[in-house]
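Remarks on the structure that follows.
The values are calculated or read from the model by the stated rules, or taken from the named source; none is laboratory data. Note that the coordinates shown come from a computational prediction; the quantities given were computed from them, not determined experimentally. Neighbour counts run over all protein chains shown; Cβ positions are idealised from the backbone, glycine included. Heads up: the accessible areas ignore ligands, DNA and RNA and are worked out on the full protein's heavy atoms, side chains in. Shrake-Rupley method; radii C 1.70, N 1.55, O 1.52, S 1.80 Å.
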Amino acid sequence: MGIRNYLIEGVSGTGKTSVCKELQRRGYYAINGDRELAYQGDPETGTRTDGVTHEHHIWHVDKVKALVANQDEAVTFFCGGSRNFSKFIDLFDGVFVLEVDIDTLNRRLDERPENEWGGKKTERELIARLHQTKEDIPKNGIIIDATAPIEHVVDEIVRQCEENKRQRHKNKNAGNIL
């Protein structure tokens, strides 16, 4: 949906949904991928699967590609986690990874109802392991300290996007000088 497109990732409890809501409140086009793009499927093939498991929480690749190709917005943020991000991560101008310390993560998960992901003991154990290993998130994303108040977290993301835009513009113009 945007001329520039950014992915905001992180383990459950780091603030992806809160960041999405704050970006929307500020007038940015932000997609909650966990609600608008996600389904249960095989991360390699995209084939739908039965049941609800973390490993099969994936996004519709064709929908992501279509949204990125649409240039109606100056910038679009895709917020959420996906086990098949490797299928579309190269479409983004940048990736932000929200990080929090384990105490903050546990406090946030304590506030979740049991029927929300991360509310059950087994889910929390998985989230704690993923927090420690970082095996489930993009490796080369820009790390954002998500322990700060949400306004500051979003300020930093927007600042980094503007820096990315300036750098791209500078690199593009440098190529025209020759």
| note | Within region 29-45, the count of residues that are in a loop (DSSP other than H, G, I, E, B) and either closer than 27 Å to R107 by Cβ or open to solvent by less than 30 Å² (accessible area, probe 1.4 Å) (or both) comes to 1
| said: Conditions first: (1) assigned to a helix (DSSP H, G or I); (2) in contact with a helix residue (DSSP H, G or I) (Cβ under 9 Å, 6 or more places away or on another chain); (3) open to solvent by 30 Å² or more (accessible area, probe 1.4 Å); (4) closer than 30 Å to E163 by Cα. L105 passes all but one, so which condition is the exception? | reply: (3)
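Yes/no matrix, rows are residues, columns are (1) in a helix (DSSP H, G or I); (2) modelled with pLDDT of 95 or more:
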| position | (1), (2) |
| --- | --- |
| F78 | no, yes |
| L98 | no, yes |
| L109 | yes, no |
| R129 | yes, no |
| P138 | no, no |
| I144 | no, yes |
| E156 | yes, yes |
| N171 | yes, no |
| N176 | yes, no |
| note | Listed by first then second residue, the pairs whose first member lies in region 140-158 and is within 23 Å of N106 (Cβ to Cβ), whose partner is assigned to a loop (DSSP other than H, G, I, E, B), with beta carbons under 6 Å and at least 6 positions apart or on separate chains, are A146/T14; A146/G15; A146/V100; T147/V100; V153/A146
| note | Log entry, pairs with first residue in region 73-95 being over 23 Å from A146 (Cα atoms) and open to solvent by 10 Å² or more (accessible area, probe 1.4 Å), second being among the aromatic types (F, W, Y) and at pLDDT 95 or above, beta carbons closer than 7 Å, six or more apart or on different chains, reads E73/Y29
| Could you say whether any residue in region 131-145 is open to solvent by less than 40 Å² (accessible area, probe 1.4 Å) and farther than 15 Å from L7 by Cβ? | yes
